[in-house]
Amino acid sequence: MTGTILGIDIGRNGVRAVVFDRTFKGFSVNQSGYAVYRSGGNEPAQEHRAGAAVDKWAVLLENALNELASQLDLSRCSAAAVTLSASFFSFRHINLPFKSKNRIKQVLAFELSPFLPLVDETYVSEFTVLPPLTPDEETFVFTASMPESTLEAVFSPLRDLGLKPELVSPSGYAIASHVTKRQKRHGTLLFVHLDENYATATLCVENEIVLVRSIRHLKDGASVIRALEQTITGFNQRTGRHLAPSRLFVTWGSSRDKELVNGLQHFPGCDVEFLEVDGLEQCNGFQESSFYANSLCAVFSSAESNPGFNFCKGDYAADSFFRKQMKHLVAAACLGIMVFAGLLFTIHADISLAEKKIARLDKGATRVFQDNFPGITRIVDPVMQMKVRVDEVKKSAGRGDDGQGGGNSPRLRVVDILLELSDRIPDAIAVTIDRFVLNPHRIILSGKTDDFNNVDRIKGAVQPSKMFRQVKISSAAADKTGSNVRFKFIIDI
């Protein structure tokens, strides 16, 4: 995804947005903005499960997005990527006896139905198939679900602003997903994103996100550490593993609280690193990259072929490739039509030149025919007519079809020819004739004699006859026994 892109992070207390250009060389941040929920925004943040609370939160979100639209130039944005606070989602692990993703999609709603918090709410769910984490052979599936009303509350104001997101993912999850794919750090890693009153814990095992949990921290570092330990212990009990993170990465979406910082620095069993997003990507020195970490990583993840959890599906799916690239496809189609038209013009021009050349040759042939046969006035096909006239001239000149005999030659009887041959061949020559073929104007005579001299003597004896115009030895060779010579004469009558 290139061009001007909008990254949005929807939290519990407000909305952050970053507008930046992405080119093949890197990222350039143009604008950034933050809008808080007005008129008691914390009320729906604390309890959004009731329908009225969701409606009120939707109004607050719409107002915040409109405020951001007044701060930022969104008309230049060609795409958007959104992250929502992980507290809006329900994360679950389920075991299934098959690995086919199509079959998982078919049964996912039924498997998750008993575990989702709101019975009368329609949920949109996403899942990833994890590598084997349990001793049994069942497939371990990690799921995330969100009420469809919450998703609609996000999409509706964005549609009004002319934007349709290509990615909707949990906050914190997008950061962990992007960092693990870029840095390719192995082992067990724990990511903690602190934002206002919530902490999002993301556990990665061998570059695979296997767990996400939203923790309400109230700026109490000890409670966060306790919740993280409970989360990892519960996951180990579920999978039968003994996972312990070797490194803890902390990112911030609000001002750093000293108590939280001190508490997380003493997380047992692993090194703690405060991760700065601007160290991962070229953002041209964007100073507030930590505050907008989710917004930035949302866009980074949307450019990846497999961003993980993405709730842009079904009615909320991003536009297809053809719709997004419609202008380019139309331009390519127009260019293709022009090239095809040029090709047809070239072919037509070649055919026209060939026809003109044929016409010139026909005129030349007609002139040659008229010069040689002036008496013929009706000319249809000068070449064929000329060939016919030449054949007629040959016949009238005494030349046969094969060019060796004339049509006026006297008609000879076979018996006369045999008698002539018998009289001409001396009795002293031992000769056996085994083939005699009489064609118009030609005789083929073959047989055998004692030696090659007899072949020459036979030719010399037959040649003076007035009945024959020419006598030729076609072949003469010793037979297989070597005692006789086989010969073949061609005699023109």
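The values are calculated or read from the model by the stated rules, or taken from the named source; none is laboratory data. Everything numeric in this text was worked out from a predicted model, so none of it was measured. Cβ coordinates were reconstructed from backbone atoms using ideal geometry, including for glycine residues, and neighbour counts include every protein chain displayed.
A few notes on this one:
- Residue 311 vs. criteria in a loop (DSSP other than H, G, I, E, B) and either surrounded by fewer than 11 Cβ atoms within 10 Å (Cβ to Cβ) or at pLDDT 85 or above (or both): yes
Okay, residues lined up against (1) closer than 17 Å to residue 8 by Cβ; (2) surrounded by fewer than 22 Cβ atoms within 10 Å (Cβ to Cβ):
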site: 152; (1), (2): yes, yes
site: 164; (1), (2): yes, yes
site: 169; (1), (2): yes, no
site: 174; (1), (2): yes, no
site: 178; (1), (2): yes, no
site: 192; (1), (2): no, no
site: 196; (1), (2): yes, yes
site: 203; (1), (2): no, yes
site: 223; (1), (2): no, yes
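- Residue in region 362-373 that is assigned to a loop (DSSP other than H, G, I, E, B), exposed (fewer than 11 other Cβ atoms within 10 Å of the Cβ) and modelled with pLDDT under 85 present: no
- Restricted to helices (runs of 4 or more DSSP H) entirely inside region 1-114, those with at least 2 residues that are modelled with pLDDT of 85 or more and in the same structural domain as residue 169 (by TED's automatic domain parsing) are 51-71, 101-112.
- Among the residues of region 460-472, the one identified as within 14 Å of residue 431 (Cβ to Cβ) and surrounded by fewer than 16 Cβ atoms within 10 Å (Cβ to Cβ) is 460.
- Checklist (1) surrounded by 17 or more Cβ atoms within 10 Å (Cβ to Cβ); (2) at pLDDT 75 or above applied to residue 318, failing item: (2)
- Taken together, the residues in region 434-449 that are loosely packed, with under 14 Cβ neighbours inside 10 Å and touching a strand residue (DSSP E or B) at 6+ places or on another chain (Cβ under 7 Å) amount to 3.
- Selection within region 378-398: residues that are at pLDDT below 75 and surrounded by fewer than 13 Cβ atoms within 10 Å (Cβ to Cβ). The member of this set that is farthest from residue 470 (Cα to Cα) is 393.
- The sole residue among 427, 401 that is at pLDDT below 90 and either surrounded by 11 or more Cβ atoms within 10 Å (Cβ to Cβ) or outside any loop (DSSP other than H, G, I, E, B) (or both) is 401.
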